[in-house]
Each structure stands twice: as structure tokens, then as C-alpha cells.
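Values in this text are rule-based calculations from the coordinates and carry no lab data. As the structure is a prediction and not an experimental result, all values here were calculated from the model. Cβ: placed from backbone, ideal geometry, glycine included. Neighbour counts: every protein chain shown.
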Amino acid sequence: MTLIKSISGIRGTLGGVSGENLTPIDVVKYTSAYGSMLLQRKKGKKVVVGRDARISGPMVHELVVNTLIALGMDVLDAGLCTTPTVEMAVIEEKAAGGIILTASHNPKQWNALKLLNYKGEFISAQDGETVLQLAESAEISFATVDHLGTRTHRDYLPMHIKKILALELVKPELIAAQKYKIAIDAVNSVGGIAVPALLKALGVEEVIEINCEPTGHFAHNPEPLPEYMGQIASEVKSSKCDLGIVVDPDVDRLALICDDAEMFGEEYTLVAVADYYLRHTPGPTVSNLSSTRALRDITEKAGQRYEASAVGEVNVVEKMKEIGAVIGGEGNGGIIVPELHYGRDALAGIALILSYLAETGLSASALRSTYPNYRMSKNKAELQAGTDVDGILEKIQKKYKKQPMNTIDGVKIEFDNDWVHLRKSNTEPIIRIYAESDSINTAENLTRKILQDIGDILN
């Protein structure tokens with residue numbers, strides 16, 4: 001059982017002992033701290049709260065909503081709602097902040113409080129520290145009976161879809177003309193509500209729904225990785241679909257299955273959307289250091305500037321704002337469209353991908369064949385508690401000092417078109433090691449070489 005308290009939110013497994021797991025006491029404690037911080041910021045008393053469909057959602061939702069009401073805050077209750085929809089609702093309502101109750105791609109025993117600022121973006125590291133400090137203090141004051149907050153139920157999905165359809169690069173008429181047949185797998189969460197509604201609004205002719213009942217009983221591991229997409233790949237093949245769409249439980253990550261039932265590749269969701277954007281709206285692009293080199297390739301081919309950020313959505317957004325990126329995101333299928341909002345949005349990604357396919361007349365498999373076919377190896381070095389991880393990274397950096405290198409988040413070393421990225425975990429004694437090459441064997445060999453280097457350092 002686990003409770004992870006970080007600057008980006010609180011997540012843990014349900015049940016067990018408070019302080020060690022995510023229990024009702026912990027939910028109230030950290031919600032109180034977050035609400036108190038919002039009141040200190042004096043951006044108003046409105047807070048948007050939404051959740052994914054996981055089993056613990058209703059219980060955690062009521063605790064959060066009523067804690068905010070007890071602080072004197074007015075809750076705009078979005079109920080079952082995607083993460084990007086809550087983010088957009090904060091902007092729409094000019095709210096002080098928002099809380100999304102979702103553990104994203106984690107299994108059903110997990111839940112989390114994802115915390116937003118008044119811009120509908122994940123709170124900064126500084127605000128995260130404030131929340132953690134307030135949670136351990138005795139400074140939280142609740143409202144008297146005459147000053148309790150209110151609760152208003154609202155459905156923000158129609159607003160979200162309307163704003164997606166209003167994007168210049170979203171082409172419902174072209175999509176409708178293609179008479180697409182599309183299968184979707186929403187892993188029994190809120191994507192089962194949101195994705196069919198979006199596809200209908202876009203004019204998709206036929207939608208085959210798989211695991212779209214939002215029961216929270218995930219039909220398979222909820223992370224949208226190829227090893228969990230067998231069911232929808234079979235459906236795409238047997239039903240002769242034009243595309244398969246898979247989202248995670250809170251609909252901020254998007255993975256695609258091509259018309260030939262092969263994986264488009266989670267890393268390439270952002271690549272395709274960025275390619276579409278660069279053809280119409282030239283400008284800089286951003287992804288994190290652990291994302292595929294293919295985004296850099298297509299950006300530079302278009303004569304534009306690419307930059308990498310540290311891993312984490314907050315860092316990607318910060319870099320996008322800094323350089324005025326027209327599109328950005330992460331290689332986990334997370335697409336950030338600045339003209340819509342600064343958050344990963346699978347719904348926006350779906351609309352843009354379909355618009356690109358409809359505009360070009362290409363099949364998904366044909367589009368995928370136009371991009372480099374890099375392969376990625378993902379591994380980790382498990383260390384003893386108390387190991388000097390920073391010291392290990394410094395020694396790796398010295399060993400490869402003649403290679404091009406980026407050290408804004410761990411150590412990323414480049415070898416011609418290949419690269420390897422080492423970064424430490426903030427929650428456990430491990431070093432994550434990602435490597436990429438045009439050959440999976442080369443990528444795996446790079447990983448093995450780094451693991452051997454770490455072993456030599458420790459010995």
C-alpha cells in the first residue's frame with residue numbers, strides 16, 4: 001500500500017493506515033490544505049471538481065466536495081469528467097482552481113488528487129510545497145455555519161467539444177465526408193462518455209464501443225500500451241475499421257491502432273498532430289527529454305525550432321510558453337494544444353488526427369509510414385535505499401563528456417541519431433533508463449551498457 005505526496009498532487013492506494021495510504025483522513029487533510037492555499041491566493045472561492053470512473057471515485061469525490069464546502073468554497077461539481085474538461089472548465093468559470101480525482105493510468109486500487117491553479121494548469125512546484133506545508137500545519141480554518149460554501153452540478157463536456165470544433169484545424173465536414181468507421185476502447189472510464197460524444201460531433205459515421213461503460217472495473221491494465229490493446233486491435237481487423245482509439249481513464253493520453261490493426265505508436269501520436277500543425281501553423285515544438293526524436297526530425301524538416309523540456313507536464317508547458325510553441329506534449333500520447341488550453345488533451349488529439357487523415361485522404365497506416373521508425377527501450381536500475389543517485393549520474397556524465405549531452409533532468413547522452421536518458425525517481429531508489437535508436441537491438445544494447453556502467457560505479 002502506498003501514499004505518494006508530491007508537489008503535483010497526492011496519490012495512493014485505497015485503504016489501510018492513514019499517512020501510509022490514501023484514506024479518508026488523507027483526502028480531507030490535503031483537500032483542506034489545497035483549499036486553504038486557494039483562499040490565501042484570493043482568486044475567488046469557486047473550485048471545479050471532477051473525477052474519472054474508478055471504483056473509489058464516488059467516495060473520494062464526496063469527501064473532497066464537502067471539505068471544500070466546509071472551507072467556505074463554492075464547488076462546481078463536474079461529476080464524471082475528463083481531466084482536460086476539468087482544466088477547461090476552470091478557465092471557462094474563472095475559478096480559483098480545480099481538483100481532478102484520478103490516478104490516470106494506474107490500476108483500480110489507486111486514486112489521486114490532481115491539483116490545478118486558476119489557469120486550469122497543474123500547480124507549480126512552489127504552490128505544491130505550500131500545500132504540503134499547510135497539510136502539516138495547524139493553520140487551516142473552516143467556515144462557520146453561515147459561511148459554508150455551495151455545490152452546483154454542471155456538465156462541461158458540451159463546452160469542451162464546442163471549443164475543439166471551433167479550432168481552425170479541426171475539419172468536421174471533411175471528416176464526415178470520409179464516412180469513417182472507428183473502434184474505441186475507453187477502459188470502462190469517462191472516455192466511454194466523452195469520446196463517442198466527440199466522434200458524433202465530428203461526423204464519424206460508425207463508432208464501435210469497447211469497454212465504454214464507465215463502471216471503473218477496468219477490463220485490462222488501463223495504461224494505453226500495445227500489450228493491452230489486443231482486444232481493440234482484433235476488432236479493428238475483423239470489422240475493417242479505419243482507426244482504433246484508446247484512451248486512459250482520465251482521457252489525457254491517446255493511443256491509436258491503424259487500419260491494418262498495427263500500432264500507430266503512443267510516441268507518434270504527438271508526432272502526427274505536430275506534423276499537421278506545422279503544415280498550417282509553423283512555429284516551435286516541445287516534448288520532454290524522454291520522448292521520441294521523431295518530433296525533432298519533423299520540426300527541423302519544416303524549418304522550425306524544437307526544444308526539449310524536463311519530464312513532466314508542468315515542465316513541458318513552461319517550455320512551450322517560454323518559446324511560444326504552437327504544439328507540444330509528451331511521448332506518452334499526451335498532446336498539448338496552446339490555442340485550446342495548456343494541458344494534455346486526448347479529445348483534441350482525436351479531432352486533429354482525424355482532420356489530418358481526412359484532409360490528406362491517407363489511411364492511418366499510410367500516415368504512420370511517412371515518419372521515422374525509431375524504437376525505444378525502457379528500463380530501470382533498481383538501487384539500495386540510501387544510494388547516492390546524484391553521484392552515479394555525475395560519474396556517468398563524466399564518462400561520456402565527449403558526447404552531446406543535456407543535464408536539465410538527469411543525463412541525456414546523444415550518439416549520432418541514438419540517445420539514452422537517465423533520470424532518478426523522486427519516489428523510489430531507482431534510475432529510469434530510456435534509450436532510442438532505429439533498431440530495437442541497438443536501443444536495448446545502449447540500455448545494457450548503461451546498466452553495466454552503473455554496476456561498475458557501485459562496485
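Longer than 27 Å from Cα to Cα, which of Lys321/Lys399; Lys114/Lys162; Lys45/Lys163; Lys119/Lys179; Lys321/Lys412; Lys171/Lys301 are they? Say none if no pair is.
Pairs exceeding 27 Å: Lys321/Lys399; Lys119/Lys179.
Choose one of Gly98, Leu199, Ser137: the residue whose Cα lies farthest towards the positive end of the charge dipole of the chain (beta-carbon charges +1 Lys, Arg; -1 Asp, Glu; about the Cα centre).
Result: Ser137.
For segment 177-189, in order, what is each residue's ³J(HN,Hα) by Karplus, 6.51 cos²θ - 1.76 cosθ + 1.60 with θ = phi - 60°, in whole Hz (x at glycine and Pro)?
Per residue, the Karplus-derived 3J(HN,Hα) values read 5, 7, 6, 5, 10, 10, 9, 10, 10, 9, 6, 6, 9 Hz.
Counting other beta carbons within 10 Å of each residue's own, what order do Tyr400, Tyr180 fall into, fewest first?
With the fewest neighbours first, Tyr400, Tyr180 line up as Tyr400, Tyr180.
Going by amide H atoms built from the backbone, whose H comes under 5 Å of the H on Ala53, apart from near neighbours?
Val190
Return the sequence-ordered ³J(HN,Hα) values of segment 345-354 in whole Hz as given by the Karplus equation 6.51 cos²θ - 1.76 cosθ + 1.60 applied to θ = phi - 60°, using x for Gly and Pro.
9, 5, 5, 4, x, 4, 4, 6, 4, 5
Peptides 431-444, 235-248: what's the order by average Cβ count within 10 Å, highest mean first?
Listed from highest to lowest mean packing, they are 235-248, 431-444.
Could you work out [θ]222 nm for the chain from helices alone, using -39500 (n - 2.57) per DSSP H run of at least four and dividing by all its residues? Round to the nearest 500 deg cm²/dmol.
Calculated at 222 nm, the ellipticity per residue is -11500 deg cm²/dmol.
Could you work out how far apart the two model spin labels at Ala176 and Asp388 are, taking each label as a point 7 Å from the Cα in the direction of the beta carbon, and quote it in nm?
For the pair Ala176/Asp388, the computed spacing is 6.7 nm.
Using a Förster distance of 30 angstrom, determine the FRET efficiency expected from the C-beta separation of Glu168 and Lys378, and round it to 0.05.
0.25
If packing is taken as the mean number of other Cβ atoms within 10 Å per residue, what is the order of 118-131, 329-342, highest first?
329-342, 118-131
Give me the dipole magnitude in Debye, nearest 20, for segment 1-124 about the Cα centre, with unit charges on the beta carbon: positive for Lys and Arg, negative for Asp and Glu.
Magnitude of the dipole: close to 280 debye.
Using the Cα centre as the reference, give the magnitude of the dipole from point charges on the C-beta atoms of the chain (Lys, Arg: +1; Asp, Glu: -1; all else neutral), rounded to the nearest 20 debye.
It comes to approximately 600 debye.
Would you mind computing, in nm to one decimal, how far apart the modelled labels at Gln452 and Lys94 are, each placed 7 Å from Cα along Cα→Cβ?
6.3
Hey, how many Å between the Cα centroid of segment 412-446 and the Cα centroid of segment 356-371?
29
Given an 8 Å cut-off on Cα distances and at least 6 residues of separation, report the relative contact order of segment 160-368 as a percent.
21
If I take every Cα pair under 8 Å that is 6 or more residues apart in the chain, average their sequence separation and divide by the length, what percent do I get for the relative contact order?
After rounding, I find 12 percent.
Which value, in Å³ per residue, describes the convex hull spanned by the Cα atoms of segment 172-226?
Looking at segment 172-226, the number lands at 77 Å³ per residue.
If you count, for each residue, the other Cβ atoms within 10 Å and average over each peptide, how do 41-49, 82-90, 165-173, 199-207 line up from highest to lowest?
Top to bottom by mean Cβ count within 10 Å: 82-90, 41-49, 199-207, 165-173.
For Ala125 paired with Asn406, estimate the spin-label separation in nm (one decimal), with each label point 7 Å from Cα along the Cα-to-Cβ line.
1.7
Could you grab the relative contact order for segment 3-154? Cα pairs under 8 Å, six or more apart, rounded to a whole percent.
Computed over segment 3-154, the figure is 32 percent.
Could you work out the local net charge near Thr83, counting Lys and Arg as +1, Asp and Glu as -1, over the other residues with Cβ closer than 14 Å to its Cβ?
-3
Residue-wise, which Karplus ³J(HN,Hα) couplings in Hz belong to segment 66-81, taking 6.51 cos²θ - 1.76 cosθ + 1.60, θ = phi - 60°, and x for glycine or proline?
Per-residue couplings from phi come out as 6, 5, 5, 4, 5, 7, x, 9, 9, 8, 9, 8, 8, x, 5, 7 Hz.
If eta is 1.002 mPa s and T is 20 °C, what Stokes-Einstein diffusion coefficient results for segment 160-368, Kirkwood Rh from Cα pairs, in µm²/s?
Once the numbers are plugged in, D ends up at 128 µm²/s.
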